[in-house]
Amino acid sequence: MKRILLTTAALLTLAAPLSSAADHGGHDMHSGHAAMAGVAHEEVISGVKATFNVQTMADAMKGMGMQIPKGIRETHHLSVVFRDARSGKVLTEGTVKVKILNPDKREQTRELMGMQGHFGADFEMAKKGRYGIMCKFLLKGDKIRQVKFWYSIR
């Protein structure tokens with residue numbers, strides 16, 4: 001329980017820098033190191049701009065002067081910021097689910113938790129290669145949307 005609380009507190013602290021990176025664009029695949037400082041994927045779907053970031057847990061904790069608690073298997077934090085494409089208003093209420101297909105074809109599925117302007121969860125992405133990221137989301141009072149993209153770790 002203590003590990004979960006520490007990890008959650010660390011990720012909440014990271015929310016501001018991650019959401020400020022949401023104004024950068026691109027659809028290219030990035031290595032884990034390059035995407036840490038920027039956007040992994042950005043796309044507009046039916047009037048909603050979805051901006052995805054992937055950051056290593058080690059770098060996130062190091063930036064706060066902390067170490068990853070023992071026993072944590074997850075290696076990366078995936079976050080997504082949703083904005084109204086016209087107004088730019090951040091959309092923070094809804095349900096978000098992500099499935100990641102690992103390079104070895106193993107799947108991980110998580111429901112992303114709302115965190116200070118973004119939705120996020122931790123995933124195990126320790127192996128080098130291409131990860132298929134599939135996101136389904138239902139924002140408050142709206143329709144179900146989905147985004148799919150590839151993310152590379154070199």
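The values are calculated or read from the model by the stated rules, or taken from the named source; none is laboratory data. Fair warning: this is a prediction, and the values are worked out from it, not measured in the lab. Note: ideal-geometry Cβ built from the backbone for every residue, glycine included; neighbour counts use all protein chains shown.
The set of residues in segment 35-49 being buried (at least 20 other Cβ atoms within 10 Å of the Cβ), of a type in the set (Gly, Ala, Ser) and modelled with pLDDT under 95 consists of Ala35 alone.
Taking the criterion of being surrounded by 14 or more Cβ atoms within 10 Å (Cβ to Cβ) and under 13 Å from Gly47 (Cβ atoms), the residues of segment 138-151 that qualify are Leu139, Asp142, Arg145. All conditions but one from (1) more than 21 Å from Glu42 (Cα to Cα); (2) surrounded by 14 or more Cβ atoms within 10 Å (Cβ to Cβ) apply to Ala126; the one that does not is (2).
Is it the case, given these coordinates, that Phe119 is among the aromatic types (Phe, Trp, Tyr) and either out of contact with any His (no Cβ under 6 Å at 6 or more places or on another chain) or on the phi > 0 side of the Ramachandran plot (or both)? Taking the combined requirement at face value, the residue satisfies it. Among the conditions (1) of a type in the set (S, T, N, Q); (2) in contact with a Ser or Thr (Cβ under 9 Å, 6 or more places away or on another chain); (3) modelled with pLDDT of 95 or more, Thr75 misses just one, which is (3). Take the conditions (1) in a loop (DSSP other than H, G, I, E, B); (2) at pLDDT 95 or above; (3) under 14 Å from the mean Cα position of the chain (by Cα); Phe52 misses just one of them, which is (1).
Checked across segment 83-94, the condition of being part of a strand (DSSP E or B), modelled with pLDDT under 95 and not polar (S, T, N, Q) holds for no residue. If you go through segment 39-54 and keep only what is out of contact with any helix residue (DSSP H, G or I) (no Cβ under 7 Å at 6 or more places or on another chain), among the aliphatic types (A, V, I, L, M) and free of Cβ contacts under 8 Å to residues at least 60 places away in the same chain, you end up with just Val44. Considering segment 58-82, and only residues there that are part of a helix (DSSP H, G or I) and touching a helix residue (DSSP H, G or I) at 6+ places or on another chain (Cβ under 8 Å), the residue that is farthest from Met125 (Cα to Cα) turns out to be Gly63.
Does segment 98-116 include one or more residues that are surrounded by fewer than 17 Cβ atoms within 10 Å (Cβ to Cβ), at pLDDT below 95 and not in a strand (DSSP E or B)? Checked segment 98-116: at least one residue is surrounded by fewer than 17 Cβ atoms within 10 Å (Cβ to Cβ), at pLDDT below 95 and not in a strand (DSSP E or B).
Scanning segment 50-86 for residues that are buried (at least 18 other Cβ atoms within 10 Å of the Cβ) and hydroxyl-bearing (Ser, Thr, Tyr), we see that the one that is nearest to Lys143 (Cα to Cα) is Thr51.
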